[in-house]
Amino acid sequence: MKTAEIVGIAAGILLMGTPAFAQDSGEIGYAKGALGYDALVAGQNELALQQLEAAVAVDVNDPARLINLGQVYARMGRAGDAARMFMTAMQSDRNFDLVLADGTVINSRKAANQALQNLNSQFAGR
């Protein structure tokens, strides 16, 4: 299994709110801004969305991209779009380990599944 060093990417996803701060950026192995991490940390959802959509060097089916895109959609109230991104990441042929800001390692499929469960829980509680 390929291990990608994406520090902190799933931390915010699992919390479905405010991502934990990573060292300089949570985009290790990606061009700065390609995953919209810093914009997510800053709560700049529109900027994060723009960065994720503009990141031509990142495959549209990259699980890290899909998970962050789902996070942005969830924050913007686009629950259906968020759920689709999380499900696509879970079902992707590609998966890899994500290193959380606290050092925890989690598989991208599990991170996407937990993000989807958190999203569903938010709506079930309403």
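The values are calculated or read from the model by the stated rules, or taken from the named source; none is laboratory data. These numbers come from a predicted model, not from an experiment. Note that each Cβ is placed from the backbone with ideal geometry, even for glycine, and that neighbours are counted across all protein chains shown.
Looking across Gln114, Gln71, one residue alone is within 12 Å of the chain's Cα centre (by Cα) and closer than 17 Å to Glu27 by Cβ. It is Gln71. The set of residues from the stretch 100-111 being at pLDDT below 85 and under 12 Å from the mean Cα position of the chain (by Cα) comprises just one member, Leu100. Does Ala57 qualify as being closer than 21 Å to Glu27 by Cβ, touching a residue at least 24 places away in the same chain (Cβ under 8 Å) and crowded, with 21+ Cβ neighbours inside 10 Å? When the stated conditions are applied, Ala57 does not pass them. Under the condition of being under 14 Å from Gly26 (Cβ atoms), of a type in the set (A, V, I, L, M) and crowded, with 18+ Cβ neighbours inside 10 Å, the residues counted in the stretch 36-54 number 5.
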